[in-house]
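Structure first, commentary second.
The values are calculated or read from the model by the stated rules, or taken from the named source; none is laboratory data. The shown structure was predicted, so the numbers you read here are calculated from the model rather than taken from an experiment. Heads up, the Cβs are rebuilt from the backbone with ideal geometry, glycines too, and the neighbour counts pull from every protein chain shown.
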Amino acid sequence: MILLHTCCAPCAIGAIPPLREDGEHPVILWHNPNIRPNDEYTKRKNALLHFCDNERLTYIIEENHGSDKFEPSICENCYKIRMDFAAKTAAAKNIPAFTTTLLISPYQNHELIRQIAETAAATHKVAFHYKDFRPHFRPAQKTARQMGIYMQKYCGCKKSNE
């Protein structure tokens, strides 16, 4: 079993199959306080819930959005907040490892995510499972479109939508 921090349904579509190929059973975690505005947050969360229900995936929803904790090092702070929460949740739920769908995006800083997630894992005494999901990015987008799943046009934070 592995906790999969999930930023959106299209990214989950690409990350879940390779995890299953590794013999993992992903439990989906929604914790994305960076997403703005609130209607965008709701669209993404609802799309993920719909996908999880259709795929019969277990999920954990943490309602927390619109936070101002992302300035000035916006991406680094965002990664820290979400990876720490994922590690803490994995530990609390007795799930031995976690990973994140952020690792599917060619636009995210993989090395920084990895470094931050490994620190969070050590702090909370769980494992961080690094997997480069980037080869699945475009196919996952195509599948999401075919399924009629909402596709966002930016990372989620105020800065990425400017």
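Odds and ends about this structure:
- The set of residues in segment 103-124 that are closer than 20 Å to Thr89 by Cβ and hydroxyl-bearing (Ser, Thr, Tyr) comprises Thr119, Thr123.
- Tallying residues that are modelled with pLDDT under 95 and under 22 Å from Gly14 (Cβ atoms) within segment 63-84 yields 4.
- Candidates Ala120, Ala87, Ala97 - the one that is without any contact (Cβ under 8 Å) to a residue 60 or more places away in the chain and over 19 Å from Cys8 (Cα atoms): Ala120
- Test: residue in segment 55-66 that is over 18 Å from Met147 (Cβ atoms) and polar (S, T, N, Q): yes
- Filter pass, Glu118 being of a type in the set (Asp, Glu) and modelled with pLDDT under 95: no
- In the condition set (1) surrounded by fewer than 21 Cβ atoms within 10 Å (Cβ to Cβ); (2) modelled with pLDDT under 95, Ile35 is compliant with all but (1).
- Total residues in segment 103-153, condition over 21 Å from Glu24 (Cα atoms), among the basic types (Lys, Arg) and part of a loop (DSSP other than H, G, I, E, B): 1
- Test: Ile104 is free of Cβ contacts under 8 Å to residues at least 60 places away in the same chain, within 21 Å of Ile60 (Cα to Cα) and of a type in the set (Val, Ile, Thr): no
- Subset tally (residues that are out of contact with any Cys (no Cβ under 7 Å at 6 or more places or on another chain) and either over 18 Å from Phe137 (Cα atoms) or modelled with pLDDT of 95 or more (or both)) for segment 95-109: 7
- In summary, no strands (runs of 3 or more DSSP E) completely within segment 1-94 bear 2 or more residues that are more than 28 Å from Arg138 (Cβ to Cβ).
- Subset of segment 121-130 [surrounded by fewer than 18 Cβ atoms within 10 Å (Cβ to Cβ) and either under 15 Å from the mean Cα position of the chain (by Cα) or at pLDDT below 95 (or both)]: Tyr130
- Of all the listed residues (Glu62, Glu55), the sole one being within 15 Å of the chain's Cα centre (by Cα) and acidic (Asp, Glu) is Glu62.
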